[in-house]
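Taking it in order: structure first as structure tokens, then the write-up.
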Amino acid sequence: MWAGKPLDFVILASGTGSNARALLQRTQAKPELLRCVGLVTDRADVPALSVAASFGVEGRVISAKEPAALLEFLRQKQPRWACLAGYKRLVPKEFLDFFHDEAKGFARVMNVHPSLLPAYPGLNGYSRAFADGVKVSGVTLHLVDSGLDTGHVILQQAFARDEADNEESFTAKGRAIELELFPRALELAAQDRIQVREEKGARWVSLE
Ligand code: GRF
């Protein structure tokens, strides 16, 4: 159930920041629901930092080799959720521990991934799927655990490969979906609708 105050979240990003921008635009559209308390990047030269600045959000460069500095930032900002928006690093264990929700049984961390997981975990999901000639690919929003893109799926959306597609147009379809799906998943988190269910050995995210 929605707590009646905005959900504080941080963004981790290593790239162009288009997903970060989509999330920040949603905070502007729904300030009663979402509030971004900071953006962390592992590199000083990424556009994601200026995206954060353009929304008046503090951006911080923290090397992946400095988990203690990352933890210190989290302690200062006290976010409830973290959004990995093109963060090209595995997050340290301490990070997952910070967001671990004992009652729910998962860490309140979500990631956007450019494939229909569990197909194509890891980097370059669109180009690998295109090179393999798949007829359908897609985007996954998933919970983050200690594995590589192994956390439970929150939302997925597929797109078709058309005869006329090249790698660029194929990728563009996925990227457009990402920008819609990620803010939607974050809203579900803000409404406290993300639960993990378990039955007969199966575990999945139920959106209640
Ligand atoms: C996206 O394609 C996302 O799926 C992947 O990294 C890319 C990030 O792009 N995890 P951007 O920095 O949000 O533009």
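Read-outs throughout are calculated quantities, based only on the coordinates presented, and are distinct from any laboratory measurement. Small disclaimer: the values here were computed from a predicted structure and weren't measured. Neighbour counts run over all protein chains shown; Cβ positions are idealised from the backbone, glycine included.
For the stretch 160-176, what are the residues that are part of a helix (DSSP H, G or I) and in contact (Cβ under 8 Å) with a residue 12 or more places away in the chain?
Within the stretch 160-176, the first condition is being part of a helix (DSSP H, G or I), and the residues that meet it are 167-176.
Within the stretch 160-176, Glu167, Phe170, Thr171, Lys173, Gly174, Arg175 qualify.
Given Asp132, Asp149, which one is of a type outside the set (A, V, I, L, M, F, W, C) and either in contact (Cβ under 8 Å) with a residue 12 or more places away in the chain or touching a helix residue (DSSP H, G or I) at 6+ places or on another chain (Cβ under 8 Å) (or both)?
From the options Asp132, Asp149, the qualifying one is Asp149.
How many of the residues in the stretch 76-129 are in contact with a Phe, Trp or Tyr (Cβ under 8 Å, 6 or more places away or on another chain), free of Cβ contacts under 8 Å to residues at least 60 places away in the same chain and either farther than 17 Å from Ile11 by Cβ or of a type in the set (Lys, Arg) (or both)?
Looking only at that region, the number is 5.
Enumerate the pairs (first residue in the stretch 197-208 and over 19 Å from Asp145 (Cβ atoms); second residue anywhere and of a type outside the set (Gly, Ala, Ser) and assigned to a strand (DSSP E or B)) with beta-carbon separation below 8 Å, excluding pairs fewer than 6 apart on the same chain, so at least 6 apart or on different chains.
Hits for this filter: Glu208/Gln195.
Suppose we filter the stretch 1-31 for residues that are out of contact with any strand residue (DSSP E or B) (no Cβ under 8 Å at 6 or more places or on another chain), of a type in the set (A, V, I, L, M) and in a helix (DSSP H, G or I); how many remain?
So the count comes out to 2.
Does Arg184 fit the bill of being touching a strand residue (DSSP E or B) at 6+ places or on another chain (Cβ under 9 Å), more than 16 Å from the ligand (Cβ to nearest atom) and not β-branched (Val, Ile, Thr)? If you could, list the steps in order and put the result at the bottom.
On the way: touching a strand residue (DSSP E or B) at 6+ places or on another chain (Cβ under 9 Å): yes; more than 16 Å from the ligand (Cβ to nearest atom): no; not β-branched (Val, Ile, Thr): yes.
For Arg184, the condition - touching a strand residue (DSSP E or B) at 6+ places or on another chain (Cβ under 9 Å), more than 16 Å from the ligand (Cβ to nearest atom) and not β-branched (Val, Ile, Thr) - is not met.
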